[in-house]
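The numbers here are math on the coordinates, done by the rules we state, and not lab data. Fair warning: this is a prediction, and the values are worked out from it, not measured in the lab. Cβ: placed from backbone, ideal geometry, glycine included. Neighbour counts: every protein chain shown.
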Amino acid sequence: MSIFSMMECFALTFPTELCREEERLSTIIVENEEDVADYYELRKKLDELAADFKDVITHPSYSLPFLQPGRLVKIKYLQLDFGWGIVIHYQKRLPPKVSTSSHTAFWDQPCL
């Protein structure tokens, strides 16, 4: 089957499928739709507040006092979860000359 014939077939079947799906959509009834919309907005706001909370508690000015040798830490970076580790020591290192980070200093934290 050539691409042209596939496109022609799609062009012929798309309008009928679209009408069928629009009819199906119009038959769907959501009970308490306003409550569902309110819940969605609250859930979105909670997710934003959780992200703000995480940004605050992981900021170096708040977390550095807790980085003591022997402390058990959970190590995550973006979507990667490295599990648990033990802080051996940490030291301040100078930022690179071209910095895109909002933090002024970087910290090396070797963990086991």
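If the chain linking Phe14 and Tyr39 were pulled fully straight, counting 0.36 nm for each residue of separation and taking away their Cα-Cα distance, it would gain 5.5 nm.
The alpha-carbon of Lys92 sits under 18 angstrom from the alpha-carbons of these aspartates and glutamates, leaving out residues fewer than 8 places away in its chain: Asp108.
Here the spin labels are modelled as points 7 Å beyond Cα on the Cα-Cβ line, and at Leu46 and Glu23 they lie 4.0 nm apart. Packing around the peptides 74-82, 87-95, taken as the average count of other Cβ atoms within 10 Å per residue, puts them in this order, highest first: 87-95, 74-82.
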